[in-house]
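Heads up: the structure comes next, in structure tokens.
The values are calculated or read from the model by the stated rules, or taken from the named source; none is laboratory data. Please read all numbers here as calculations on a predicted model, not as lab measurements. Don't worry about glycine lacking a Cβ; one is built from the backbone with ideal geometry, like all the others, and counts go over all protein chains shown.
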């Protein structure tokens, strides 16, 4: 720890390849022990928020949906927009783990574990909302095609049914992906565990000894699930967007919704990764693993996705503006000028303008600024979902039903409580499971040690005896001239 | 066990048939309505009759103000001279136009495909029916209704709407809905069914005018007509024919543009079954 220069903002290497393997184990295992006061405060806040949610749900169960101030025109509101928001958050883990795994971007290795956990927990949070927004929540299982002697099936044409299938499948697969990727680490935990942790990890690590056959099977399974998960992630948010796109309402019936939603999902997921990255780095002293260059890459990725999202957003506006559908146009104009306009412009500012700050290296290397920037990116994405659901319902087709509604207390309680529930799950996770992948960081260090050269061209010439691409290009240019 | 599987697969094949062919095609009846806006005085008697007939809960001023009321039949007011008497819209010199609005029983109803549990469907009578027992309250149907005529039970109203002994006056022919289900105009399905049963017992077809909806029965100016479109002798069929409005079209080809008949949001191609006759006003 004497030389901390490489941990500062000037650091260029993704990871210090001279970290000893033993110290990786020690650092990560240390993070799972001895929760400090801050941890318990965070836990207490989460539990409080979640209790408020439970109270609101009990109230709603007893007295009905009315306290949410929904009305005949506004049948959906924050419940559905927050549901879409959490589904969106869940896409980050798949992006980092599966897609970047397939393209061999090894800088994902120190940070993918908590991103995957985020995927799983935000799906578990999202799954609450379609259930609690039901008028008769006790009958929620009727959306599942279970065998009854009445021969009654759910309506397979309804996007809500597709939702139920898509989310269940995605949740199952992402839990599997998270768990399977963790097995070698659980074995490390088992070997170092004492007390109640010992039987837990023994059971969870499935007898992992780290022999060749196990590694081979493990790699294959992990790759398989990664390949399975990518189309699933795209489809799940496309299907969520179809809740809106399959309806006939102006502002919802938009063909570009599926890609727009997927881009928005990756966007808010990346922003959430930045937030949690900074929190974990700061509180768990993970400076050796969650380094500035990696954060830098995540920021650039976020910026690119933000631009894709902005583009799709503008495409949607343009197609409405130049189309001849008057109700849709009215909804669009009302978004920009009507009672919800502060939130609409908030969404545009946080979603499309704020990401430009990520172009600045100073911002990308400043944890405090970046932390708040990433929070506001996600505020923008939450507003986006709200601005999809509510302005459409406030206008629609029938003028007599036009009205403006503001969410009731149960809705705010559920929104806040969902963050409590997510926080609770995540806080438990970081103390029970290793939130940095030990075996993959070791791999990363190992590979980097072997392949990092100052001048690739020179090394190629040295090893193969033929000139490298740079030298070849030089000879070609001079030959041509 | 075999009957269990048999039921399931029968239900499945019925379902796929309905799905492929766009719902029922062998309609026994096609109940439809004609509302003459020229005759409507906006007296709200139809709405009141609907409350009495269909066990609609009165929700009270607070919930009504929050737009959580459930008036299956509502009278909407429109002012065609919004600038006259702007300060007091209610006292415009020419007064309001009234539009009685209830479920339009669309033949291509947007509410039907989106219900996750198929609680709303098309009956062989051509009605858009709502199964209260099956409804789980996802409220997607109401979001997808362009007319906003689906009403949700945001609360339980039994205690407050019908305090004892008021529950004695509830209509025994239909249920009282509890919180968390969607409800809407049924074209007085209990009366339709009763007439069908009577006709069956007497071994005859349903006569035109035998079925009256509560709103039609109460309307002091007889602005509302109800009947079977498939019965070529029915008054409703005659009126639709006279006004050259046909089912299954999103733009009508009228030889006489003076004809007053029109359907609301015809261009959305939801194929509504309520024909409105435009109000005639002096220029």
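Please go through the stretch B:36-54 and pick out each residue that is buried (at least 21 other Cβ atoms within 10 Å of the Cβ) and in contact with a helix residue (DSSP H, G or I) (Cβ under 6 Å, 6 or more places away or on another chain).
Correct list: B:46, B:50, B:53.
Yes or no: the stretch A:255-269 includes at least one residue that is closer than 21 Å to residue A:180 by Cα, more than 14 Å from every other protein chain (Cβ to nearest Cβ) and assigned to a helix (DSSP H, G or I). Steps first, answer last, please.
Step one: of the stretch A:255-269, the residues closer than 21 Å to residue A:180 by Cα are none.
No, the stretch A:255-269 contains no residue that is closer than 21 Å to residue A:180 by Cα, more than 14 Å from every other protein chain (Cβ to nearest Cβ) and assigned to a helix (DSSP H, G or I).
Just give me the residues in the stretch A:29-83 being more than 25 Å from the chain's Cα centre (by Cα), in a loop (DSSP other than H, G, I, E, B) and surrounded by 15 or more Cβ atoms within 10 Å (Cβ to Cβ), in sequence order.
Across the stretch A:29-83, the qualifying residues are A:64, A:69, A:70, A:71, A:72, A:73, A:74, A:75.
Quick one: which helices (runs of 4 or more DSSP H) sit completely within the stretch A:87-182 and have at least 3 residues that are crowded, with 23+ Cβ neighbours inside 10 Å and away from chain B (no Cβ under 12 Å)? Quick ask: steps written out before the conclusion?
On the way: elements: A:91-94, A:112-126, A:128-132.
Because the criterion is at least 3 residues that are crowded, with 23+ Cβ neighbours inside 10 Å and away from chain B (no Cβ under 12 Å), the helices (runs of 4 or more DSSP H) in the stretch A:87-182 that meet it are A:91-94, A:112-126.
Step by step: first the residues of the stretch B:148-177, then only those that are under 30 Å from residue A:389 (Cα atoms) and within 20 Å of the chain's Cα centre (by Cα), then the one that is surrounded by the most Cβ atoms within 10 Å (Cβ to Cβ). Which residue is that? If you could, list the steps in order and put the result at the bottom.
Kept after step one, since they are under 30 Å from residue A:389 (Cα atoms), are these residues of the stretch B:148-177: B:148-157, B:177.
Filter again for within 20 Å of the chain's Cα centre (by Cα), leaving B:148-153, B:177.
Details: B:148: 24, B:149: 22, B:150: 24, B:151: 25, B:152: 27, B:153: 25, B:177: 23.
Here the answer is B:152.
Could you figure out which of (1) at pLDDT 90 or above; (2) within 11 Å of chain A (Cβ to nearest Cβ); (3) within 19 Å of the chain's Cα centre (by Cα) isn't true of residue B:130?
(2)
Do we find a residue being surrounded by 15 or more Cβ atoms within 10 Å (Cβ to Cβ), more than 9 Å from chain A (Cβ to nearest Cβ), closer than 27 Å to residue B:115 by Cβ and at pLDDT below 90 anywhere in the stretch B:69-77?
Of the stretch B:69-77, the ones surrounded by 15 or more Cβ atoms within 10 Å (Cβ to Cβ) are B:69-76.
Next, from what is left, pick out any that are more than 9 Å from chain A (Cβ to nearest Cβ): B:71-73, B:75.
If we keep only those that are closer than 27 Å to residue B:115 by Cβ as well, we get B:71-73.
With at pLDDT below 90 added as a condition, the list becomes none.
No.
Scan the stretch A:395-423 for residues that are farther than 15 Å from residue A:132 by Cα, buried (at least 20 other Cβ atoms within 10 Å of the Cβ) and more than 14 Å from chain B (Cβ to nearest Cβ) and jot them down.
Matches in the stretch A:395-423: A:420, A:422.
Each row is one residue, and each column tells you yes or no for (1) over 30 Å from residue A:16 (Cβ atoms); (2) more than 16 Å from the chain's Cα centre (by Cα); (3) at pLDDT 90 or above.
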| position | (1), (2), (3) |
| --- | --- |
| A:118 | no, no, yes |
| A:132 | yes, yes, yes |
| A:160 | yes, yes, yes |
| A:175 | yes, no, yes |
| A:183 | no, yes, yes |
| A:192 | no, yes, no |
| A:202 | yes, yes, yes |
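Is there any pair with a first residue in the stretch B:55-67 that is surrounded by fewer than 17 Cβ atoms within 10 Å (Cβ to Cβ) and a second that is assigned to a helix (DSSP H, G or I) whose Cβ atoms are under 9 Å apart and which are 6 or more apart or on different chains, and what are they?
As it stands, the answer is B:58/B:51; B:58/B:64; B:58/B:160; B:58/B:161; B:60/B:160; B:60/B:161, since those pairs meet every condition given.
Which residue out of B:135, B:141, B:145 is within 28 Å of residue A:402 (Cβ to Cβ), within 13 Å of another protein chain (Cβ to nearest Cβ), modelled with pLDDT of 90 or more and more than 16 Å from the chain's Cα centre (by Cα)?
Values: B:141 fails: more than 16 Å from the chain's Cα centre (by Cα); B:145 fails: more than 16 Å from the chain's Cα centre (by Cα).
Step by step, each of B:135, B:141, B:145 is checked, and only B:135 is within 28 Å of residue A:402 (Cβ to Cβ), within 13 Å of another protein chain (Cβ to nearest Cβ), modelled with pLDDT of 90 or more and more than 16 Å from the chain's Cα centre (by Cα).
Out of curiosity, is residue A:192 touching a residue at least 60 places away in the same chain (Cβ under 8 Å) and surrounded by fewer than 19 Cβ atoms within 10 Å (Cβ to Cβ)? Spell out the reasoning first.
Working: touching a residue at least 60 places away in the same chain (Cβ under 8 Å): yes; surrounded by fewer than 19 Cβ atoms within 10 Å (Cβ to Cβ): yes.
Judged against the criteria, residue A:192 is a match.
If I ask for residues that are over 19 Å from the mean Cα position of the chain (by Cα) and within 11 Å of residue A:299 (Cα to Cα), which ones from the stretch A:358-372 would you list?
Of all residues in the stretch A:358-372, those over 19 Å from the mean Cα position of the chain (by Cα) come to A:359-369.
Answer for the stretch A:358-372, where residues must be over 19 Å from the mean Cα position of the chain (by Cα) and within 11 Å of residue A:299 (Cα to Cα): A:359, A:360, A:361, A:363, A:364, A:365.
For the condition within 14 Å of another protein chain (Cβ to nearest Cβ), surrounded by fewer than 24 Cβ atoms within 10 Å (Cβ to Cβ), touching a residue at least 60 places away in the same chain (Cβ under 8 Å) and in a helix (DSSP H, G or I), what is the one hit in A:249, A:242? Steps first, answer last, please.
Working: A:249 fails: in a helix (DSSP H, G or I).
Unique residue meeting the criteria: A:242.
Could you tell me how many of the residues in the stretch B:232-283 are away from chain A (no Cβ under 14 Å), surrounded by 19 or more Cβ atoms within 10 Å (Cβ to Cβ) and under 22 Å from residue B:73 (Cα atoms)?
Step one: of the stretch B:232-283, the residues away from chain A (no Cβ under 14 Å) are B:232-249, B:251-262, B:273, B:275, B:277-283.
Add one more test, that the residue is surrounded by 19 or more Cβ atoms within 10 Å (Cβ to Cβ), and what stays is B:234, B:236-237, B:239-240, B:243, B:245, B:261, B:273, B:275, B:277.
Filter once more, so that each one left must be under 22 Å from residue B:73 (Cα atoms): B:236, B:239-240, B:261, B:273, B:275, B:277.
The number of residues fulfilling the criteria is 7.
Under 7 Å by Cβ, and 6 or more places apart or on different chains, what pairs join a residue from the stretch B:112-127 that is facing chain A (nearest Cβ under 8 Å) and without any contact (Cβ under 8 Å) to a residue 12 or more places away in the chain with one that is assigned to a loop (DSSP other than H, G, I, E, B) and buried (at least 22 other Cβ atoms within 10 Å of the Cβ)?
B:113/A:158
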